[in-house]
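S.K.: The structure's right below; bear with me while I get my questions together.
The values are calculated or read from the model by the stated rules, or taken from the named source; none is laboratory data. Being a predicted model, the structure only gives us computed values, none of them experimental. Cβ sites come from the backbone with ideal geometry, for glycine too, and all protein chains shown count toward neighbours. Heavy atoms of the whole protein, side chains included, go into the accessibility calculation; ligands, DNA and RNA do not. Shrake-Rupley method; radii C 1.70, N 1.55, O 1.52, S 1.80 Å.
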Amino acid sequence: MPFRVLALESSCDEFAGAVIEDGIEVLASVVASQAGIHARYGGVVPEVAGREHLRNLAPVMQATLESAGMDWDDLDAIAVTQGPGLGGSLLVGVNAAKTAAWARGLPLIPVHHIAGHLYANWLRPARDDWDDSPPPFPLVALVVSGGHTELFWMQDHERVERVGQTLDDAAGEAFDKVGRLLGLPFPGGPEIERAAAQASAQAINALDPLPRAWLPGTHDFSFSGLKTAVLNRVRKLEAAGEPLDVPAMAARFQESVTDVLARKTARAADELGAACVIVAGGVAANGALREALNERCAEIGLPVRVPPPRLCTDNAAMIGAAACYRRSEAGLDFDVFSTSGPAVFSPGL
Ligand code: KG4
Ligand code: ZN
């Protein structure tokens with residue numbers, strides 16, 4: 001019998017629903033993004049995000065079931081992001097999931113948002129050349145999102161250990177902050193990638209490379225110095241009355257971030273003896289990061305798996321996948337956890 005989960009994700013500014021079968025098949029995936037609403041504030045406004053979720057939850061749940069061609073009776077469980085994320089945003093999804101689970105008598109599976117990002121790599125459309133084999137263990141997983149930059153050592157579904165993390169800004173946060181410094185719209189990540197693609201090699205070479213924090217001897221990361229370096233360059237140009245070449249600066253910034261992420265991930269995988277590297281989170285949608293990782297991992301003969309961009313940024317399909325591999329039911333009295341939640345997802349989450 002197939003195991004079908006209706007999954008909900010509402011940790012930040014997307015309210016998403018999905019139906020996942022056996023942790024592999026995406027029968028439906030619907031995402032209501034609020035990016036356009038928050039763009040005018042230059043960042044996500046938590047209060048606004050929660051209120052928008054309330055408006056979106058019923059239409060998204062209905063559209064998800066319709067898109068899967070299913071009724072509530074076809075479902076075996078409900079999964080929902082428990083955290084980490086914005087408290088008010090999480091509450092909307094968690095309470096919707098609890099209500100549906102109670103009303104339909106279905107088991108409820110709370111999922112750690114980061115576990116969700118990782119399990120996007122187990123979904124069938126995760127790769128164009130999908131060969132039906134799941135990522136081989138043991139593996140090193142790089143999570144790069146708006147709130148997290150972490151390296152995990154996964155020996156199997158139960159044994160997951162964090163081996164590295166950012167000491168300050170997350171990679172996505174750095175993209176967003178630098179995007180703002182360069183006068184680009186929010187979210188900065190995709191805008192920086194687009195701008196960088198317009199820079200000529202000549203224009204890039206005209207700018208000195210930006211710094212890279214290697215933090216030798218650790219698998220940790222740091223991006224705040226890089227952000228400050230961009231700020232100082234922008235200020236210096238302003239003071240001198242010289243024009244800022246936004247595409248070239250975006251390219252230099254993107255090159256620094258992706259170079260550090262790719263080299264340090266490959267080194268960790270090599271040292272730990274991984275069979276493959278998987279990547280997850282919004283920044284994994286970045287083409288330059290994919291290229292850099294492919295290059296560095298090819299040097300040590302390791303395959304790299306990255307989900308397609310739509311499964312890298314927040315979605316509910318990944319939450320449904322994680323729920324299937326990490327099935328741990330909860331009653332209805334669990335709470336959300338915001339940023340103070342457990343940083344390493346325990347097998348139960
Ligand atoms: O995983 P995600 O959708 O939400 C969180 O859990 O945080 O990640 C959002 C982050 C944002 O910082 C956004 O700027 C970044 O992912 N991002 C990108 C790209 N697409 C999204 N960063 C670089 N290049 C991209 N193409
Ligand atoms: Zn996320």
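S.K.: Working only within region 137-156, note down all residues that are open to solvent by 10 Å² or more (accessible area, probe 1.4 Å), under 19 Å from Ala284 (Cα atoms) and more than 16 Å from ligand 1 (Cβ to nearest atom).
M.R.: Trp153, the sole residue that qualifies.
S.K.: Right, another one. I'm trying to understand the selection: among the residues of region 250-283, which are open to solvent by 20 Å² or more (accessible area, probe 1.4 Å), within 16 Å of ligand 1 (Cβ to nearest atom) and among the small types (Gly, Ala, Ser)?
M.R.: Gly282
S.K.: Pairs only if they're at least six apart or on different chains, beta carbon under 7 angstrom, first in region 312-339 and touching a residue at least 24 places away in the same chain (Cβ under 8 Å), second open to solvent by 10 Å² or more (accessible area, probe 1.4 Å) and among the aromatic types (Phe, Trp, Tyr); list them, first residue then second.
M.R.: That search, which allows pairs on different chains as well, returns Cys324/Phe3; Leu332/Trp102.
S.K.: Looking at (1) within 16 Å of ligand 2 (Cβ to nearest atom); (2) outside any helix (DSSP H, G or I); (3) modelled with pLDDT of 95 or more, can you tell me which one Leu302 breaks?
M.R.: All conditions are met except number (1).
S.K.: Residues of region 67-93 being open to solvent by less than 10 Å² (accessible area, probe 1.4 Å) and within 16 Å of ligand 2 (Cβ to nearest atom), which ones?
M.R.: Ala79, Val80, Thr81, Gly83, Ser89, Leu90, Gly93, listed by residue number.
S.K.: Can you find a residue that is surrounded by 20 or more Cβ atoms within 10 Å (Cβ to Cβ), touching a Leu at 6+ places or on another chain (Cβ under 6 Å), closer than 29 Å to Ala170 by Cβ and of a type outside the set (Val, Ile, Thr) anywhere in region 21-33?
M.R.: no
S.K.: Follow-up. Counting residues that are within 16 Å of ligand 1 (Cβ to nearest atom) and either touching a strand residue (DSSP E or B) at 6+ places or on another chain (Cβ under 6 Å) or open to solvent by less than 40 Å² (accessible area, probe 1.4 Å) (or both), which helices (runs of 4 or more DSSP H) fully inside region 157-235 reach at least 3?
M.R.: Fully inside region 157-235 and qualifying: 171-181, 188-197.
S.K.: Determine whether region 53-72 contains at least one residue that is closer than 28 Å to Val160 by Cβ, of a type in the set (A, V, I, L, M, F, W, C), modelled with pLDDT of 95 or more and touching a Lys or Arg at 6+ places or on another chain (Cβ under 9 Å).
M.R.: Looking for residues that are closer than 28 Å to Val160 by Cβ, of a type in the set (A, V, I, L, M, F, W, C), modelled with pLDDT of 95 or more and touching a Lys or Arg at 6+ places or on another chain (Cβ under 9 Å), one finds none in region 53-72, hence no.
S.K.: Just checking: which of the helices (runs of 4 or more DSSP H) contained wholly in region 29-148 hold 3 or more residues that are free of Cβ contacts under 8 Å to residues at least 40 places away in the same chain?
M.R.: Those helices (runs of 4 or more DSSP H) span 46-68, 87-104.
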